[in-house]
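All remarks here apply to the structure that follows.
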């Protein structure tokens, strides 16, 4: 379990470090390679199907270093995606990134803390509380590819115990809101709860139309629409 309170309590320090980094393709590539050789990244991708992301020389980052580099990489990425590629909007208009950084600089929420823990421990530790849960997608049927941290290596979607989450929530005494991808299995898992179907279009999907004819033949408008379900216990 890791408490990131020291990062949240020093928004000025985080702003100072990130704002020193230029928004350029060269700097983005440099940061991306540092994160690629981070031992955390290499451990995350150790069993991935390809060696494309494998790096022999790994190193450790402090929490502050990892927060700074991740913020820069993820915030500027198209999608956004971890270890993806830089979004052209930030290269064309630097004020957009400056606005993001100023929101960080002005952040104030002394009552918020962020803790990393397993969903099993978290749910069990809050048996009467209202929960909001956003688990990895259930990969089957129409949903064959995860999104985070990057669709090229959606490692958080692999081997996630959807059945354990289901069982814990069926026994949870408090209320909850659960967001999932809409599929038959998930609707069966949570039969008896309230279902809602929000609608939007993914910005990442809009960009994917650039691949041309093959995507047109697959009906790109359909691909871009949301396929989410909100499951609510009142």
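The values are calculated or read from the model by the stated rules, or taken from the named source; none is laboratory data. Bear in mind that the values here come from a model prediction, so they are computed numbers and not experimental data. Every residue, glycine as well, gets a Cβ built from its backbone with ideal geometry; the counts of neighbours run over all protein chains shown.
Output yes when any residue across segment 55-71 is in contact (Cβ under 8 Å) with a residue 40 or more places away in the chain, farther than 20 Å from residue 104 by Cα and touching a helix residue (DSSP H, G or I) at 6+ places or on another chain (Cβ under 7 Å), and no when none is.
Within segment 55-71, not a single residue is in contact (Cβ under 8 Å) with a residue 40 or more places away in the chain, farther than 20 Å from residue 104 by Cα and touching a helix residue (DSSP H, G or I) at 6+ places or on another chain (Cβ under 7 Å).
Residue-wise test of (1) in a helix (DSSP H, G or I); (2) at pLDDT 90 or above.
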residue: 6; (1), (2): yes, no
residue: 26; (1), (2): yes, yes
residue: 43; (1), (2): yes, yes
residue: 48; (1), (2): no, no
residue: 61; (1), (2): no, yes
residue: 70; (1), (2): yes, yes
residue: 90; (1), (2): yes, yes
residue: 100; (1), (2): yes, yes
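Conditions: (1) under 14 Å from residue 23 (Cα atoms); (2) crowded, with 18+ Cβ neighbours inside 10 Å. Residue 85 meets all but one. Number of the miss?
(2)
Take segment 72-82 and flag every residue that is in contact (Cβ under 8 Å) with a residue 60 or more places away in the chain, in contact with a strand residue (DSSP E or B) (Cβ under 9 Å, 6 or more places away or on another chain) and either surrounded by 17 or more Cβ atoms within 10 Å (Cβ to Cβ) or assigned to a helix (DSSP H, G or I) (or both).
none
Condition first: closer than 21 Å to residue 175 by Cα, touching a residue at least 24 places away in the same chain (Cβ under 8 Å) and over 21 Å from the mean Cα position of the chain (by Cα). Now tell me which residues in segment 88-125 satisfy that.
Scanning segment 88-125 gives a single hit, 124.
What strands (runs of 3 or more DSSP E) lie completely within segment 115-234 and have 2 or more residues being at pLDDT 80 or above and within 24 Å of residue 75 (Cα to Cα)? Even if it seems obvious, please write down each step before you answer.
Details: elements: 131-133, 176-181, 194-196, 228-233.
Counting at least 2 such residues, we get 131-133, 176-181.
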